[in-house]
1. What single numbered condition from (1) farther than 16 Å from N2 by Cα; (2) surrounded by 16 or more Cβ atoms within 10 Å (Cβ to Cβ) fails to hold for R88?
2. Here are some residues: E42, E81. Which one is among the charged types (D, E, K, R) and under 10 Å from the mean Cα position of the chain (by Cα)?
Amino acid sequence: MNITFKIDSAFDDYCQMCQQLGPPEFGVKTHRSLPTQTWKVEGTIDDEIKWFVLCSDCLRNACKSDEVAEVLEQDGTPFTENGKFFLR
Ligand SMILES: [Zn+2]
């Protein structure tokens, strides 16, 4: 799989990767009462575009994932931890 994430805008919601109800698909679950910083993210997966809501922690983890080619800021530059809020 070839995955690229690009941050679109700040979006206050539960993170789809770590705060959904039900069994965890990826990594560690974060309790819903914990305030995460979440973003609307455009994901390109094998040339198909899907939208996600992801927290800063999951985006940082995505940077380290072998399946994720790139994580980009709103302006198209590589993901930076500057100005972001992390729980873990
Ligand atoms: Zn998350």
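1. Here R88 clears every test but (2).
2. E42
Yes/no matrix, rows are residues, columns are (1) farther than 17 Å from F11 by Cα; (2) within 13 Å of the ligand (Cβ to nearest atom):
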{"site": "R32", "(1), (2)": "no, yes"}
{"site": "F52", "(1), (2)": "no, yes"}
{"site": "A62", "(1), (2)": "yes, yes"}
{"site": "G83", "(1), (2)": "no, no"}
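Read-outs: derived from the displayed coordinates by stated rules, not from any lab. Worth saying up front: this structure is predicted, and the values here are computed from it rather than measured. Ideal geometry is used to build each Cβ from the backbone, glycine not excepted, and the neighbour counts take in all protein chains shown.
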